[in-house]
Amino acid sequence: MDKKELIAQYFTQKLSQEAQKEFDHLMATDAEFAKDVTFQKNLKTIIEKEERNTVKQQLQGFEAEEHSGFNYKNWLIAATIVILLGLSSFWYFNNTIDTEKLYVENFEPYRNVVQPIVRGEAKTDLKTKAFTAYEIKNYTEALRYFDELLKENPDETIAFYKANVLMKLDKTEEAVAIFKTNLKTSDSLDAKNNWYLALAFLKNENIENAKDQLSHLIKSESTFKKDEAKKLLKKLN
C-alpha cells in the first residue's frame with residue numbers, strides 16, 4: 001500500500017490487520033516514514049488542542065475586550081485562528097474521504113451481454129445457468145457456475161464476470177487479482193477492467209491505486225465510464 005495512504009488510514013483508525021503489520025514494519029525500519037508520522041501526529045495534536053481551548057478562549061476574550069482603534073495583538077491572534085482553522089480543515093478533508101460511500105455510489109455489476117436470458121426458455125447448459133444466476137442476483141450460485149466454466153475453458157470475459165460476483169460477495173482481493181490478470185493482455189475489456197479494478201481498490205481504501213486506474217481509463221480511447229471516472233477522480237484528489 002502507498003505510504004501516504006497507510007498514514008491516512010492510521011490516523012482514521014481504518015488499518016486492516018495486514019496494513020497494520022506493514023505500518024509497524026515501516027515505523028521500525030524506515031526513519032523517514034516514522035518522522036513523517038510523528039510530524040503529522042504532533043500537528044494533529046496541536047490543531048486539536050488549539051481548536052478546543054485556545055481558539056475558544058481567544059474568541060471569548062475578543063467579545064469581552066474593549067476595542068479602541070486598531071489592535072495589532074488582536075489582529076495577530078485572529079490571523080492565527082484563521083490559519084489554525086484552515087490547517088484543521090485541510091487535515092479533515094484530506095483524511096476523511098468516505099471510500100465506502102463512493103464505492104456504493106459507483107459500483108453496480110456489469111450487465112450481462114454474453115448470454116442473453118430469454119424468460120420461459122428451459123436451457124440447462126452451464127453458461128445459461130451461470131448468467132441466469134447472475135441476473136437474478138444469486139451471486140453465490142453464479143460464482144459456482146463461473147468457476148465450473150473456467151475449469152472447462154479459461155476465458156477472460158467469464159473471469160471478468162466472476163470478478164464482479166466476487167465484489168458483490170465482498171471478496172475484493174480475489175476480484176483485484178482477476179482484473180489485474182485480465183489487464184496483462186490487451187482486449188476490448190480493458191476499460192471495463194480498469195473501472196472495476198479502480199472500484200475494487202476504492203473498496204479496499206487504496207485510494208492511490210484507485211486514482212491510477214481511473215487515470216488510465218480517462219486517458220484511454222474508450223468512452224466507457226469516462227465521465228464517471230473523471231467525477232470520481234476529482235472527489236479523490
Item to check | Sites residue 170 and residue 34, calculated FRET efficiency, Cβ-Cβ separation with R0 30 Å, nearest 0.05 | outcome: 0.35
Checklist entry - Which entries in the list 3/234; 44/230; 137/203 go over 23 Å, if you measure between the two C-alpha atoms of each? => result 44/230
Next on the checklist: Whole angstrom only: what separates the Cα centroid of the range 9-38 from the Cα centroid of the range 163-192?
Outcome noted: 28
Checklist entry - Within a Cβ distance under 12 Å of residue 109, other residues only, what is the Lys/Arg minus Asp/Glu net charge? => result +3
Item to check | Kirkwood hydrodynamic radius of the range 107-221, from inverse mean 1/r over distinct Cα pairs, in Å | outcome: 14.6
Checklist entry - Percent of accessible area on the range 114-235 owned by carbon and sulfur, 1.4 Å probe? => result 47
Checklist entry - Which of the aspartates and glutamates could a cross-linker bridge to residue 231, judged by Cα under 13 Å and excluding same-chain residues fewer than eight apart? => result 105
Checklist outcome for this item: Here the range 222-237 yields Karplus 3J(HN,Hα) values (6.51, -1.76, 1.60; θ = phi - 60°; whole Hz; Gly and Pro given as x) of 6, 9, 4, 6, 5, 5, 4, 5, 5, 5, 5, 4, 4, 6, 8, 7
Checklist outcome for this item: From most to least accessible, 1.4 Å probe, no ligand or DNA/RNA atoms counted, 224, 131 line up as 224, 131
Checklist entry - How long is the gain from residue 223 to residue 156 if the chain were fully straight, where each residue apart is worth 0.36 nm and the alpha carbon distance is subtracted? => result 22.1 nm
Checklist entry - Taking only protein heavy atoms and a 1.4 Å probe, what accessible area per residue, in Å², does the range 182-222 have with all protein chains in place? => result 43
Item to check | Rounded to the nearest 10 Å², the accessible area of residue 97 at probe 1.4 Å | outcome: 40
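The values are calculated or read from the model by the stated rules, or taken from the named source; none is laboratory data. In this text, all values refer to a predicted model and were calculated from it rather than measured experimentally. Neighbour counts run over all protein chains shown; Cβ positions are idealised from the backbone, glycine included. Protein only, heavy atoms only, side chains kept; ligands, DNA and RNA dropped before computing areas. Shrake-Rupley method; radii C 1.70, N 1.55, O 1.52, S 1.80 Å.
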